[in-house]
Amino acid sequence: MGLREKKKLETRARIRAAAAELFTRHGYGAATMRQIAGRAHVGLGTLFNYAADKRDLVFLIFNEELNAITDVALAAPRPGQALEAQLAAVFAVHYRWLAAKPALARILLQELTFYSSGKQAATFHGIRRRLIDGIEALVRRAQERKQIASAEESDLIARHIFFTYSASLRWWIAAPHPDPEAGIAELKRLLALQVSGLKARAPR
C-alpha cells in the first residue's frame, strides 16, 4: 500500500472515530459536520469527500464493521439445525454487536429508512442484500428438506423473515438498557411462530 492510500485510510479512520464520538456524546441532531471535521483534524471539504451529509457519516461509521459482522453471522448456523434455530443464530450475532453501542445503533436504525443515496449507500445496500440472500439460502434448504411447505418463493419468505427481524431489533434497541440475550430470546419466539406457519399440516 502506497503512502497516499495509507493517508486516506488514516483520514477515514479519524473521521469515523470523530463522528462516532460526537454522535454518542452530543446526539445525532446536535452534532454538526463542522464539529466532526474539527474533531477529526480535517477540513470540511475533506469530510465531504467521505460523506455527503450526517446520514452518510452514520453509514461510514458502521459499514466496515457491519460487513465483517455479516460474514460472522452468515457462518453461524449449523447444518442439521431447525430453520428457526439457524435464523436465530444469524440474527443473534447482530444483536450482541449492537448491544455494545446502543446509542449509535439507535441512530443507525433510525437513519437507514429510505437511505437510497449517498457515498456509503451502495455499500450498505450490498451488505443488506448479502444478509437477505443468506436467509434465502437457509429457506431453500429447509424447503428441500420438507421442513416448510409454503408455496411462496424463497426470496419472498426471506424478506418476510428479514422484516420480522428488523422490527424486533428496533423494538429491542429502543429500551433504555437493551439486553441482547433477552432480545434474542424474544426474537426466537417470534421466529418460531413465523416458521410454524410455514410448516406442512396434516389434512383434516
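The values are calculated or read from the model by the stated rules, or taken from the named source; none is laboratory data. What you see is a predicted model, and the numbers here were worked out from it, not measured in a lab. Glycine also receives a Cβ, built like all others from the backbone with ideal geometry; neighbour counts cover every protein chain displayed. We work out accessible area using only protein heavy atoms, side chains counted, and drop any ligands, DNA or RNA first. Shrake-Rupley method; radii C 1.70, N 1.55, O 1.52, S 1.80 Å.
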Area projected by the alpha carbon convex hull of the chain, averaged over all directions, nm²: 13.5 nm²
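Summing Lys, Arg as +1 and Asp, Glu as -1, what charge do residues with Cβ under 15 Å from the Cβ of Arg4 carry, Arg4 excluded?
With Lys, Arg at +1 and Asp, Glu at -1, the neighbours total +2.
Would you kindly state how much longer the chain becomes between Gln81 and Lys199 on full extension, computed as 0.36 nm times their sequence separation minus their alpha carbon distance, in nm to one decimal?
41.0 nm
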Length added when fully stretched, His160-Lys8, from 0.36 nm per residue minus Cα-Cα: 50.8 nm
Binned Cα-Cα distance frequencies in segment 102-204 - 5 Å width, integer %: 2, 11, 18, 19, 18, 14, 10, 5, 2, 1, 0, 0
CD proxy at 222 nm, helix term only [per DSSP H run n ≥ 4: -39500 (n - 2.57); per residue of the chain; nearest 500]: -24000 deg cm²/dmol
Of all accessible heavy-atom area on segment 1-149, the percent that carbon and sulfur account for (1.4 Å): 55 percent
Mean accessible surface per residue for segment 58-204, computed with a 1.4 Å probe while every protein chain stays in place, in Å²: 53 Å²
Summed side-chain charge close to Ala142 - residues other than Ala142 whose Cβ falls under 11 Å, Lys, Arg +1, Asp, Glu -1: +2
The chain - percent relative contact order, Cα under 8 Å, separation 6 or more: 21 percent
Residues of type lysines that Lys146 reaches as a straight line, Cα spacing below 29 Å, ignoring anything fewer than 8 places off in the same chain: Lys188, Lys199
Computed E for Thr24/Arg128 - FRET, C-beta separation, R0 22 angstrom, nearest 0.05: 0.40
Those aspartates and glutamates that a straight Cα-Cα span of less than 19 Å connects to Lys119, excepting residues fewer than 8 apart in one chain: Glu5, Glu10, Asp53, Asp56, Glu64, Glu65, Glu111
Neighbourhood charge, 13 Å Cβ-Cβ cut-off, centred on Thr24 and excluding it, Lys, Arg +1 and Asp, Glu -1: +4
